[in-house]
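Let me begin by presenting the structure, written as structure tokens, before commenting on it.
The values are calculated or read from the model by the stated rules, or taken from the named source; none is laboratory data. Because the structure is a prediction, the values reported are computed rather than measured. Note that we place each Cβ from the backbone using ideal geometry, even for glycine, and neighbour counts take in every protein chain shown. With ligands, DNA and RNA removed, areas are computed over all heavy atoms of the protein, side chains included. Shrake-Rupley method; radii C 1.70, N 1.55, O 1.52, S 1.80 Å.
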Amino acid sequence: MDLMDIQAPPAGAYAEADGDTYHYIETGQGSPTVFLHGGGPGCTGWSDFGQVSRLFAADRRCFLVDILQYGKSAKPVIKGPMWDYHAAKTVALMDTLGLERADFVCNSWGGTIALNLAAVYPERVRSLVITGSMPVFHGPLAPLPEGGRRGRNARDVYYGGTGPSWQKMRELMARLEWYDPEAIPDATVTMRYEQSLDPEETALAGASDNPRGDWQDLTGALGRIQAPTLFMWGMYDAFLTPDYPLMLARMIPKGNLHVMNDVSHHLQEERPHDYYTVVSGFLNQQHI
């Protein structure tokens, strides 16, 4: 394994975006690259991409963003179509940061945001790298595992019962995010667990209504994406097998698929050097 130790996150910075405050960590110089994390309990831009960002930062200006409702970003109740909301807010953040166009490197929840953003605001996206995202509700395995609600169900289990704990966080990561449970760094579990105790995050998780917005199926949007797109998938992804991203790659005009062995849902954490090698190679060949 080529694990890298996760370091304590730097302080980061805040930016206003259409009335909401984003927290982000900026590192490196070069081509602007926005990293959007997944939707698991306690996830942040740093928890998902902090360890691998030091590799990308050698020649890229990296923005590790806490998605709204996560990390140190604002936690508004979202009404209306959720991916439209996040895409518009992310573009507003880009405006504040002075980013006309960027590459997007994303995991799970963040990847679906970026796919929708690329469809609705094509001029803002140079290329996309997407891991473990579920933008459409159909596929080779339909019906999808747990009706496509495996992530939501895991969140309910984590916050339910006796409430969050370090051990429950580790069990969630072992079951859904990592291929080799023994390789999970304790420091990463601790970081995720401590963030999951954020009072606003806990309140969102326990809300009886739907504070995350209305689910959208992006089937009609994918064909409008003009940006070169790499679906970077784990052979043993716990949510969706590689048959699913192969379907997605065919739906996007410039879609590509790379399947990595011995990983599940968090490739960038479990095999960061290998992840970086493939992703940077793809990004660097997009001279448009």
Going through (1) part of a helix (DSSP H, G or I); (2) closer than 30 Å to Val263 by Cα one by one, Ile130 fails only at (1)
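Which members of segment 100-118 meet the condition of being open to solvent by 10 Å² or more (accessible area, probe 1.4 Å) and either modelled with pLDDT under 95 or more than 22 Å from Glu269 (Cα to Cα) (or both)?
Glu100, Arg101
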Looking across segment 67-98 at residues that are part of a loop (DSSP other than H, G, I, E, B) and open to solvent by 10 Å² or more (accessible area, probe 1.4 Å), the single one that is farthest from Gln51 (Cα to Cα) is Val77
Of the candidates Ala15, Ala11, Ala58, the one satisfying the condition of being touching a Phe, Trp or Tyr at 6+ places or on another chain (Cβ under 6 Å), more than 26 Å from Lys168 (Cβ to Cβ) and among the small types (Gly, Ala, Ser) is Ala15
The residue from Tyr121, Tyr158 that alone is of a type outside the set (S, T, N, Q), open to solvent by 10 Å² or more (accessible area, probe 1.4 Å) and either within 17 Å of the chain's Cα centre (by Cα) or modelled with pLDDT of 90 or more (or both) is Tyr121
Among the residues of segment 1-41, the number that are in contact with a His (Cβ under 9 Å, 6 or more places away or on another chain) and charged (D, E, K, R) is 1
Restricted to segment 259-281 and to residues being among the hydrophobic types (A, V, I, L, M, F, W, C) and part of a helix (DSSP H, G or I), the residue farthest from Val129 (Cα to Cα) is Leu267
Residue hits (segment 211-258; assigned to a strand (DSSP E or B) and closer than 12 Å to Gly132 by Cβ) are Phe231, Met232, Trp233, Gly234
Going through segment 39-78 in order, the residues found to be over 15 Å from Thr202 (Cα atoms) and touching a Cys at 6+ places or on another chain (Cβ under 7 Å) are Ser53, Phe56
Restricting segment 165-202 to residues that are touching a residue at least 24 places away in the same chain (Cβ under 8 Å) and open to solvent by 60 Å² or more (accessible area, probe 1.4 Å), the one farthest from the chain's Cα centre (by Cα) turns out to be Trp166
Pairing a residue in segment 101-115 that is within 20 Å of Gly30 (Cα to Cα) and in contact (Cβ under 8 Å) with a residue 60 or more places away in the chain with any residue that is open to solvent by less than 10 Å² (accessible area, probe 1.4 Å) and among the small types (Gly, Ala, Ser), where Cβ atoms lie under 8 Å and the two sit 6 or more apart in sequence or on different chains, gives Asp103/Ser127; Phe104/Ala114; Phe104/Ala118; Phe104/Ser127; Cys106/Ala114; Cys106/Ser133
